[in-house]
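The structure appears below as structure tokens.
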Amino acid sequence: MAEVVVYVDHVDGAVRKPTLELLTLARRLGEPVAVVLAAPGDGLDPAIAVLAEHGATRILTVRAGEFAAHPVVARADALQ
């Protein structure tokens, strides 16, 4: 089965509803893999638990200080 990558939109570890809806759609297509990008110090433990509850088979996390300083460019580079 193919992996379907879902970028996780979150604010301080709280996962936004559209991300959870995308995980639901991804389960229909294959194995949902969640990608979480966060600055150091962001509390991701609650987010990781929520993503697992909503069907993410793998959760990839990247923590870097650049996400706070240059959010758009750094996140685009990390996803690439």
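Quick notes on this one:
- A Förster radius of 35 Å combined with the Cβ-Cβ distance from Arg16 to Glu66 puts the calculated FRET efficiency at roughly 0.95.
- For the chain, the mean residue ellipticity at 222 nm estimated from helices alone is -12000 deg cm²/dmol, where every DSSP H run of n ≥ 4 contributes -39500 (n - 2.57) and the total is divided by all residues, rounded to the nearest 500.
- Subtracting the Cα-Cα distance of Arg27 and Ala76 from their residue separation scaled by 0.36 nm leaves 15.2 nm.
- Counting only protein heavy atoms and a probe of 1.4 Å, the accessible surface of the chain is 57% carbon and sulfur.
- Those residues of region 11-43 whose amide nitrogen sits under 15 Å from the label point placed on Thr57, 7 Å along Cα→Cβ: 23-35
- For the chain, fraction of C-alpha pairs farther apart than 14 Å, in %: 58
- Charge context of Glu31, other residues only, Cβ under 12 angstrom, K/R +1, D/E -1: +2
The values are calculated or read from the model by the stated rules, or taken from the named source; none is laboratory data. In this text the structure is predicted, and so the values were computed from the model without any measurement. Neighbour counts run over all protein chains shown; Cβ positions are idealised from the backbone, glycine included. Only protein heavy atoms, including side chains, enter the accessible area calculation; ligands, DNA and RNA are left aside. Shrake-Rupley method; radii C 1.70, N 1.55, O 1.52, S 1.80 Å.
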